[in-house]
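A quick write-up on the structure given underneath.
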Amino acid sequence: MSAPLAPRFSPPPLIDWAGIRADFPLIAGQDLIYFDNAASSQKPKVMLQAMEEMLSHSYANVHRGVHSLSQKATDQYEAARKTVARFINAADEAEVVFTSGATDSINTIAFSFGEAHIQPGDEILLSGMEHHANIVPWQLMAQRKGAVIKAIPVLDNGSLNLESLDALMGPKTKLLSLVWVSNSLGTVNPIPYIVQKAHAYGIPVLVDAAQAAPHMPLDVQAIDCDFMVFSAHKMCGPTGLGVLYGKRALFENLPPYRGGGDMIDRVSFEKTTFQGLPFRFEAGTPHILGAIAFAAVLDYLSNIGLGHIEERERQLSHSLRSQLKADFPQIQLIGTAPDSVSVVSFLLKGHHPLDVGVLLDNQKVAVRTGHHCCQPLMDRFGIPGTVRASLAFYNTEEEIQRFLLALRKTIHLLR
Ligand code: PMP
C-alpha cells in the first residue's frame, strides 16, 4: 500500500482563543464590547505581573548606579531592548530606541533628520492617509528648514494611488514617511514594494507601524525600511512607551533630538559630546517599568504567534465587513481597499457619527467616532468623520453578532 499523500498545507493549529480572552481582566467575563482597539488595546495579566515583579524585586534607576539593584534594573531594561529587537528582527539591538510613543519617535526623526539632511526646497513625501502624528512633525520641520511637503493621493476605495509614485519621487525627495496600516480605514499599504521603489530613487523610508505592529509579524530587515515607529499601548503594552527603530548606517550619524542625562558622553560648558546608538536618543530617565512590562507582553504575543493573531483579526474584520455590506443598506463603508486588517470604518447615511457612537455606548459597545486624527483624509472623502470599529484577537464572532444587533437598534432609534 502506498503511503498516504501528505496534506499540501498543514492544518491551522487549534488556539484556545477563549483562554486567551480570559487573560485580559478588563474584558474577561464582561458584557462590554470593546471595539476601540486602534485607539488603545487592553492589557493582559502578564503585563500586570511583570510590573508587580519589577517593582517588588528589581526597581531602581538604570545605567547610573554601581549598586546591585541598579545593575539588576539595567540588565532587565537592556534585556527588554533585546526582546524588541528580536520581535522586529533588527540586526542589532542598538538600532532600537525607546521613546514615549510613535508620535515621539516621528518627532525625533523629523527633527534630527531635518537638521542633518534638509535644505530649502527639499521635499518630504507623505501620503493622504497619514495620522496627524505623521504630518505635523514634518510640517514643523519644513517650516524651519524651508522644505516642501508632498502627499501620495488616496483612491476612492481608500488605497494609495501607486501609479503616482514615479511622478512624486525625484532628486528633491529626501525622505518618504508612510503609514503601513491606516488607523481610519484599515487599508494595508504594500510597504515592501513602496520601500523598494523609494530606494531605487535613493530615498530613505520611515514606516509608521503604529497600526501594523499589533496585527502582523514585523521584520525590519525583510522590509528593508530605514526607520520604523510604533507605540506599546496599541499592542497590549503600557502607555508612555514607544519604539524607534533605525537602520544603523543612517541612524548613527543623526544629531540628538533632546539633550539631558544618559545621552551624553562628556559635558563641559564649552562643549558636549554624545553617546552613540541607542543612548544618544534616550535623554533622561527612560520608562524603565514600561519597557520591562512591554517585553513580557511581546513574549506573550510571540507565544500566540503574530501570524495567528493576523489570521484571526483578518477573519473577524472580514466577517464584520461582509455582514455590514450584506445586511445594512443604510451603512456606507469608508475604505474598501482589497487588503485591510482590523479596522472597519463606516457611516450611517444621514446621521452624524457621534450620534451613532453615543447610542452604541448606551448599549455597552465602545467604538471610536470622529476624524481619527486624519483630517486631510476625511477632507479627501468630504466627510466629518466615521464610526470606527477596530478589532483585536481577543474579540469574538459572538461580539460581532451583538454589535450588529446594537447597530440595528441604533438605526431604529435614529429613524
Ligand atoms: N500613527 C498611527 C497610524 C496611529 O494610529 C497613531 C495613534 N492613533 C499614531 C501614529 C500615534 O500614536 P501615539 O498617540 O501612541 O503616539
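The values are calculated or read from the model by the stated rules, or taken from the named source; none is laboratory data. All values derive from a computational prediction rather than experimental measurement. We place every Cβ from the backbone using ideal geometry, glycine too, and count neighbours over all the protein chains shown.
Could you grab me the full set of residues in segment 332-350 that are free of Cβ contacts under 8 Å to residues at least 40 places away in the same chain and either under 19 Å from Ala38 (Cβ atoms) or part of a strand (DSSP E or B) (or both)? It would help to see each step written out before you state the result.
Here is the first cut: in segment 332-350, the ones free of Cβ contacts under 8 Å to residues at least 40 places away in the same chain are 332-333, 349-350.
Those that are free of Cβ contacts under 8 Å to residues at least 40 places away in the same chain and either under 19 Å from Ala38 (Cβ atoms) or part of a strand (DSSP E or B) (or both): Gln332, Leu333.
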>> If I ask for residues that are among the polar types (S, T, N, Q) and over 18 Å from Pro153 (Cβ atoms), which ones from segment 188-208 would you list?
In response: Gln196
>> Can you tell me which residue is nearest to the ligand (Cβ to nearest atom) among those in segment 221-241 that are under 19 Å from Ser390 (Cβ atoms) and among the small types (Gly, Ala, Ser)?
In response: Ser231
> So, of the residues in segment 91-108 that are out of contact with any Pro (no Cβ under 8 Å at 6 or more places or on another chain) and of a type in the set (A, V, I, L, M), which turns out to be farthest from the ligand (Cβ to nearest atom)?
Replying inline: Ala91
> Which one is surrounded by the most Cβ atoms within 10 Å (Cβ to Cβ), of the residues in segment 158-171 that are within 16 Å of the ligand (Cβ to nearest atom) and not in a strand (DSSP E or B)?
Replying inline: Gly158
>> Residues to consider are His318, His287; find the one that is of a type outside the set (S, T, N, Q), out of contact with any helix residue (DSSP H, G or I) (no Cβ under 6 Å at 6 or more places or on another chain) and assigned by TED's automatic domain parsing to the domain that holds Leu241.
In response: His287
> How many residues does segment 129-152 hold that are loosely packed, with under 15 Cβ neighbours inside 10 Å and part of a loop (DSSP other than H, G, I, E, B)?
Replying inline: 1
>> Just to confirm my filter: which strands (runs of 3 or more DSSP E) fall fully inside segment 201-259 and include at least 1 residues that are charged (D, E, K, R) and in the same structural domain as Gly284 (by TED's automatic domain parsing)?
In response: 205-208
> Does Val207 satisfy being in contact (Cβ under 8 Å) with a residue 60 or more places away in the chain and within 16 Å of Val181 (Cβ to Cβ)?
Replying inline: no
> Is one or more of the residues making up segment 400-407 over 28 Å from Leu160 (Cβ atoms), within 16 Å of the ligand (Cβ to nearest atom), surrounded by fewer than 18 Cβ atoms within 10 Å (Cβ to Cβ) and modelled with pLDDT of 95 or more?
Replying inline: no
> Which residue, of Val205, Val181, is within 18 Å of the chain's Cα centre (by Cα) and under 22 Å from Ala91 (Cβ atoms)?
Replying inline: Val205
> Just a yes or no: is a residue in segment 243-261 within 23 Å of Phe393 (Cα to Cα) and surrounded by 21 or more Cβ atoms within 10 Å (Cβ to Cβ)?
Replying inline: yes
> Out of Lys174, Lys234, which single residue is surrounded by 24 or more Cβ atoms within 10 Å (Cβ to Cβ) and among the basic types (Lys, Arg)?
Replying inline: Lys234
